[in-house]
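The values are calculated or read from the model by the stated rules, or taken from the named source; none is laboratory data. Since the model is a prediction, treat every value here as computed from it, not as a measurement. Cβ sites come from the backbone with ideal geometry, for glycine too, and all protein chains shown count toward neighbours. The protein model used for the area step is the full one, side chains on, heavy atoms only, and it has no ligands, DNA or RNA in it. Shrake-Rupley method; radii C 1.70, N 1.55, O 1.52, S 1.80 Å.
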Amino acid sequence: MQSTASRPLLKAALWDMDGTIVDTEPYWIDAEHALVAAHGGEWSHEKAMQLVGQSLVFSAGILQEAGVGLERREIIDILTSHVISLVRTSVPWRPGARELLDELHTAGIRCALVTMSEAPLAREIVASLPKPYFDFLVTGDTVTHGKPHPEAYLTAVELLRQQDPELGVRHCVALEDSIPGVAAAMASGVVTIAIPHLMPLPHDPRRTTWETLAGRTVADLEELVALRHELRDAASGPETSPATGPVAGPETAAVRSLALG
């Protein structure tokens, strides 16, 4: 077994937002019910669960099918405004998320937010945090393909690499709660941790599943990175993503983010 010193270090944590850092999914579902009802349709819990973790463009299309007679952009704006109004009243933090964020910040491990919510809502959540935990945000309105496509995570890795050329997917962990989010993270090649929330996730030995982030530490994340390294041949060639082959930077147009500060 290789020594700890020779193992790749944990350099970055890539965080989903809705359902992972904050429990805003009930806010989204409330917004969906209100919008569909305003257009004379019916919206069920089962239909709402189909949208958890999906891109807002995809969700808007499903709401159109449910009878909402608006353009997708209008639907997205209405839903987002509704959720922002609720967040400004109360931010429903998920157990252990803020504590782990704070420990990562203290340890000097970089964090990026990778969410399918758009910038206005993401900024509201980030502004509620006590410290500047995130280097940057990759939001749903800054990528071409939403989750479960890996573009958002590959974009985050590429942006991190701009300041640390030696950083790669093997140095990163992703924290996700939904089926589309977990699929996106795994397809990017980063170490993926699933924290199921509103819906169960199918078993998959290629990822780690935690019931909660409560009590989890940086040491836990570092151990997962070390284990991934031990299971791979360090001399096997360039890093690869299961979905995309060798990991290279996304096209310039896709590498867009809302940098903080």
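Under 5 Å between amide hydrogens, built in the peptide plane, is the criterion, and for Glu118 it picks out Gly140 among residues at least 5 positions away or on other chains. Charge tally around Lys147: other residues with Cβ under 9 Å, Lys/Arg +1 each, Asp/Glu -1 each, net -3. Rounded to the nearest Hz, the phi-derived 3J(HN,Hα) couplings of the stretch 48-61 under the Karplus curve 6.51 cos²θ - 1.76 cosθ + 1.60 (θ = phi - 60°) are 4, 5, 5, 9, 4, x, 7, 5, 5, 5, 4, 4, 4, x, where x marks glycine and proline. Ile84 sits with roughly 20 Å² accessible to a 1.4 Å probe, with DNA, RNA and ligands left out of the calculation. Each Lys and Arg contributes +1 and each Asp and Glu -1, all at the Cβ; summed about the Cα centre of the chain, the dipole is approximately 480 debye.
Stretching Gln64 away from Leu86 to a fully extended chain increases their span by 5.6 nm, per 0.36 nm per residue minus the current alpha-carbon distance.
As a test of understanding, state the convex hull volume per residue of the stretch 19-110 from its alpha carbons, in Å³. List each step's numbers first, then the result.
Details: hull volume 9.9 nm³, N = 92.
Taking only Cα atoms, the stretch 19-110 has a hull volume of 108 Å³ per residue.
Antiparallel DSSP bridges in the chain: what percent, to the nearest 5? Counting DSSP beta bridges with both partners in the chain, the antiparallel share is about 20 percent.
If you take the beta carbon distance between Glu103 and Ala127 as r and set R0 to 30 Å, what does 1/(1 + (r/R0)^6) give as a FRET efficiency, to the nearest 0.05?
Details: r = 21 Å, r/R0 = 0.69.
For R0 = 30 Å, the calculated efficiency reads 0.90.
Taking the C-alpha atoms only, the angle from helix 97-107 to the longest principal axis of the chain is near 30 degrees. Accessible area of Asp16 (1.4 Å probe, protein heavy atoms only, ligands and nucleic acids ignored): about 10 Å². Note on the chain: semi-axes of the ellipsoid equivalent to its C-alpha gyration tensor, largest first and rounded to whole Å, are 32, 19, 17.
Could you please state, rounded to a whole Å, how far the C-alpha centre of the stretch 81-125 is from the C-alpha centre of the stretch 49-76? The distance from the Cα centre of the stretch 81-125 to that of the stretch 49-76 comes to 23 Å.
Using the Kirkwood radius over C-alpha pairs as Rh, can you work out the diffusion coefficient of the stretch 71-173 via Stokes-Einstein at 37 °C, viscosity 0.692 mPa s, in µm² per second?
Working: Rh = 15.1 Å.
Rounded, D is 217 µm²/s.
Only helical DSSP H runs with n ≥ 4 go in: add -39500 (n - 2.57) per run for the chain, normalise by residue count and round the 222 nm mean residue ellipticity to 500 deg cm²/dmol. Walk me through the numbers before you get to the answer.
On the way: 9 runs with 101 residues, N = 261.
After summing the helix terms and dividing by the residues of the chain, the value is -12000 deg cm²/dmol.
Considering only Gly67, Ala37, Leu224, whose Cα is most displaced toward the positive end of the charge dipole of the chain, charges sitting on Cβ of Lys, Arg (+1) and Asp, Glu (-1)? Selected residue: Leu224. Near the amide H of Val22, within less than 5 Å, lie the amide hydrogens of Arg94, all on another chain or at least 5 residues away, with H placed in the peptide plane.
Using the reciprocal of the averaged 1/r over all distinct C-alpha pairs, how large is the Kirkwood radius of the stretch 126-209 in Å?
Numbers: mean 1/r = 0.0730 Å⁻¹.
When all Cα pairs of the stretch 126-209 are included, the Kirkwood radius is 13.7 Å.
Multiplying the residue separation of Gln50 and Thr209 by 0.36 nm and removing their Cα-Cα distance gives an extension gain of 55.2 nm.
Derived scalar couplings between HN and Hα for the stretch 136-148 equal 6, 10, 10, 10, x, 8, 10, 10, 7, 10, x, 4, x Hz in order, rounded to whole Hz, by the Karplus curve 6.51 cos²θ - 1.76 cosθ + 1.60 (θ = phi - 60°), x for Gly and Pro.
Here the 3J(HN,Hα) profile of the stretch 172-177, calculated from phi with Karplus coefficients 6.51, -1.76 and 1.60 at θ = phi - 60°, is 10, 10, 10, 10, 9, 10 Hz, Gly and Pro shown as x.
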